[in-house]
1. Going by the conditions given, is B:LEU102 at pLDDT below 90, within 30 Å of A:SER265 (Cβ to Cβ) and of a type in the set (A, V, I, L, M)?
2. Identify the residue in region B:243-272 that is within 8 Å of chain A (Cβ to nearest Cβ) and of a type in the set (A, V, I, L, M) and, among all such residues, is farthest from B:LEU90 (Cα to Cα).
3. Check A:ALA43, A:ALA10 and return the single one that is out of contact with any Ser or Thr (no Cβ under 9 Å at 6 or more places or on another chain), loosely packed, with under 13 Cβ neighbours inside 10 Å and aliphatic (A, V, I, L, M).
4. From A:LEU61, A:LEU6, A:LEU16, A:LEU108, which residue is at pLDDT 80 or above, of a type outside the set (S, T, N, Q) and under 30 Å from A:ALA190 (Cβ atoms)?
5. Is there a residue in region B:107-123 that is in contact (Cβ under 8 Å) with a residue 12 or more places away in the chain, outside any helix (DSSP H, G or I) and either touching a Cys at 6+ places or on another chain (Cβ under 7 Å) or not hydrophobic (A, V, I, L, M, F, W, C) (or both)?
6. If I ask for residues that are more than 9 Å from chain A (Cβ to nearest Cβ), in contact (Cβ under 8 Å) with a residue 40 or more places away in the chain and crowded, with 18+ Cβ neighbours inside 10 Å, which ones from region B:146-163 would you list?
7. Here are some residues: A:THR251, A:THR283. Which one is within 11 Å of chain B (Cβ to nearest Cβ), in contact (Cβ under 8 Å) with a residue 60 or more places away in the chain, among the polar types (S, T, N, Q) and over 25 Å from A:LEU180 (Cβ atoms)?
8. Which of the residues spanning region A:68-79 are assigned to a loop (DSSP other than H, G, I, E, B) and in contact with a helix residue (DSSP H, G or I) (Cβ under 8 Å, 6 or more places away or on another chain)?
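The values are calculated or read from the model by the stated rules, or taken from the named source; none is laboratory data. Computed from a predicted model, the values in this text were never measured in an experiment. Cβ placement follows ideal geometry from the backbone for every residue including glycine, while neighbour counts extend to all protein chains displayed.
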Amino acid sequence: MLNYLLRRVALAAVVLFGLLVATFFIIHLVPGDPVRIVLAGRATPATIARVHHQLALDRPLWTQFSLYVSHTMRGNFGTSFTLDSPVAQIIGQRLGPSAALIGYGMLLSLLIGVPLAIVAALRPNSWLDNVVRLGTTLTFALPGFWLGLMLALVFGLKLRWLPVSGYSPGVVGILRTLTLPALALGLALAGVVVRTLRSSLLEVLQSEHIEATRSRGFSELRVVGKHAMRNSAMNTLTILSVNIGFLIGGTVVLEQVFQIPGLGSLLVGAVEKRDYQLVQALTLLAGAAVVLASLATDVVQALLDPRVKLDGR
Amino acid sequence: MSTIDVLDQQPPATDAAGPRARLRGLHGLSREARIGAGILVVLFLAGVLAPLIAPYGQNQLDFTNVYKAPSLSHFMGTDGAGRDVFSRTLYALRLDLGIVVLVTYPPLVVGVLIGAVAGYFGGIFDAISARIVDTMIAFPFMVLIIAVIAIVGPGVKGILIGVPIVGWALYARLARSEMLVLREQPFMLATIALGYTTRRTILRHAVPNLMRSSLIYSTLDMVVNLLLLSGLAYLGLGAQPPSAELGSIIADGQSALLTAWWVATLPGLVVVLFGIGALLLGDGLSDGRLRGPLP
């Protein structure tokens, strides 16, 4: 067990290091001099030299990289070119809305996806199953931002149930401001949840212990909903964790649609203003979130599921 | 079964007939796949023929006809500058589908080759490429492309560079897992007995058999790429004005969502239609109703 966990953590560390290397080069791959581009016309050669020195761009590449790594480890992501305050502080202020949106989106995808998957698995190849299948196909074809706009048009502008832009914290505020974007985000994921969970349930339903449960005379709903679900729950968790990258990408666009002051809109603004430090930190953060989520899922799975063979992996 | 599930599956055993035998299978397409293929053909034709069939120019301004609702003279209405949304959509489709093909199929070829080599030889190359593939697949695609765009500047260039960086990875994973099964097949073993070079074995005998599932998956990949592309264009990071993309037309329409719903709604429906067409085709093909040498 410990062996497995250590190997899993080591693997995550390797990938994180790869991420550090990749994001380090963002600023170096910019054609021309990034400082000149950012400061545009309003800089004297002296200022440019000062900023170069500040960013350590005048030091050897290797020194720059070790500085970058040691700063990042200590949570120092540098200073934003355009907003003139520490990147870590800016990100801290914007993290809340994005995290809330992702969490809410996941929750909605489960609330929509799990019942539909159970219904579909109860009667495979029935008309209901086919309707669910068509519906999930449709969700894969919907552009998230366009779906968001349509939801805003119908439920915000026409029916006036919910606001179409902005963000307010707190449970009530989140329910009011994030329901529409979270729905747009969660629907696409719900399609994935339904497909995976349905096929996983159908597979579990073939197994002997389900046969035994059936022979005890429990209702089919209880067999599927309770006994088969227990075996498929971990699959669903894995699906959510695999798709966290997709969710992050979705929030980037949806935050723009609904004018939510989160990390996504920060990233888009940073690209427009060519704030490389900010782009670098946000890219690293997004990648790290994915790596850590998959690590956490594997660890939870190893701890909870006795069937995971720990030494063989 | 669907394109979505292709990646989770055990690779099916593969038949030994050559790639040419596939041609006769086209008549065996399921109804689903034929409808999907029909939708795609219509949309691709609309894009290719845009300059011929668009009733107005893509940036033809007409300030006497601002925000006109859909009618016979403007199928999709007009936008805030009196531009015909239908014509703009056709030109946008032309640009977007062109980019989608460019960022889907070259990475498919590269990915299949890498996967084939990794699966055939195994060993250290396999281990390293598997790690890279895992990282690529898990990384938030949208964020990575935006980082590339931050480097090279907004426009089509960033997309043409950024998407293929990630795009090959899924095909490599698919081809690798199929190669593991394929290399044990009698006809593959026969190539060794016949003294063929490894290069000939992989390129002429294995790759044609590996292509099938990758080509099926590519229908889903096209949808993912079109959604990504329109998302980026919506953010203003795609093709720069005056070129129109489906996403940028939708973004233009957002400010007048209530008064002129058609500007944002109808181009989005075109994206959805493409997605449905491609997914139907992929679903139909993977149902195994395609007659021919492959399962």
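1. no
2. B:LEU258
3. Working: A:ALA43 fails: loosely packed, with under 13 Cβ neighbours inside 10 Å.
From the options A:ALA43, A:ALA10, the qualifying one is A:ALA10.
4. A:LEU108
5. no
6. B:VAL156, B:GLY158, B:ILE159, B:VAL163, listed by residue number.
7. On the way: A:THR251 fails: over 25 Å from A:LEU180 (Cβ atoms).
Exactly one residue qualifies, and that residue is A:THR283.
8. First, the residues of region A:68-79 that are assigned to a loop (DSSP other than H, G, I, E, B): A:74-78.
Hits for region A:68-79 are A:GLY75, A:ASN76, A:PHE77, A:GLY78.
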